[in-house]
Amino acid sequence: MDWLLLLLLATPFINAVPVDHEELKAPFLKYVRDKGYYAEEHFVQTDDGYILRIFRVLYPSAELNGKVVLLQHGIADSAEAWVVNDLDKAIGLVLARKGYDVWFGNNRGNKFSRNHTSLNPDHDAKFWEYSFQEFAHYDQPAVFPYIVKVTGVNRISYIGQSQGTSQMFAALADREPNVVNHIDKFIALGPVVHMKHITNLPMKLGAYSRLGHLAPYLGIHELDSFSPTSAYWTGWFCAKLPFFCSIPIWITTDAVSYTHLTLPTIYSV
């Protein structure tokens, strides 16, 4: 209970950050459109039956430069990672203002891609039997030709973050034709190939322990499942106690390049 005592003592010294709860709980499309951007949703089916929901964003007043870019999020994340930030820092929105045709991937199993032609993610454990290798072998090769077909642009630049780089490294190593034949530039942010050099203790324990292998036997198939209600209240809590909410991020990522103003949004998506 020591942490609770610390929290109670710290509470009077923490300034609440005003937050628009309606904006935070808005779906991706509404969030982007409300900021003045044109946004579409598309559904892509992989060869093994997963249905991926991906997004496209353009800026109406920007002069299109004819270039297409695909942004791929990291682990336990979604397309929202590229837009939920200050307008001058949200990479997806900055690129759209620069005239790029911006597409946002969502890996199988995240909150936007919990769909399959025959498997139910809430009842079929088989839905969750995949790794980043399936992202490379099925998801990326399905998304690239789809974007080419819609845009008519044959070469697509790719920006991946963390796990988003791992799946591209794997796809390129396997020489997946649908990827190799259509990729232009590959920009890797926080690239991950192996876990040997990580210094963060919780992440190191997670990487080298075998605890994850026990999860299926315990009936645990999905972590960090999305609930609009829980997201709303988590955002509300972090608006009131930003210091407390910054602790899990610091412990698990060593991240320091965020502000308390963005914490309610980070925890709400």
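The values are calculated or read from the model by the stated rules, or taken from the named source; none is laboratory data. This one's a predicted model, so the numbers in the text were calculated from it and none came from an experiment. Counting neighbours? That spans all protein chains shown, and the Cβs are built from the backbone with ideal geometry, glycine included. For accessibility, only protein heavy atoms count, side chains too; no ligands or nucleic acids. Shrake-Rupley method; radii C 1.70, N 1.55, O 1.52, S 1.80 Å.
For the pair L87 and F186, label points projected 7 Å from Cα toward Cβ lie 3.5 nm apart.
Over 24 Å apart: what share of the alpha carbon pairs of region 42-166 falls there, rounded to a whole percent?
Numbers: 2057 of 7750 pairs.
Of the Cα pairs, 27 percent sit more than 24 Å apart.
Counting only residues at least eight positions apart within a chain, or on another chain, the lysines with an alpha carbon under 17 Å from that of K149 are K67.
Give me the dipole magnitude in Debye, nearest 20, for region 35-155 about the Cα centre, with unit charges on the beta carbon: positive for Lys and Arg, negative for Asp and Glu.
Working: 13 positive and 15 negative charges, 80 e Å.
The dipole magnitude comes to about 380 debye.
Per-residue surface analysis assigns M203 an accessible area of about 80 Å², computed on protein heavy atoms at 1.4 Å probe radius.
Computed over neighbours whose Cβ is under 13 Å from that of Q161, the net charge equals -2, Lys and Arg +1, Asp and Glu -1.
Sort L58, L87, L172, L201 by accessible area with a 1.4 Å probe, largest first. Mind showing how you got there, number by number?
Numbers: L58 30, L87 80, L172 50, L201 110 Å².
Order by accessible area, largest first: L201, L87, L172, L58.
Charge tally for A62 (other residues, Cβ to Cβ under 9 Å; Lys, Arg +1; Asp, Glu -1): +1.
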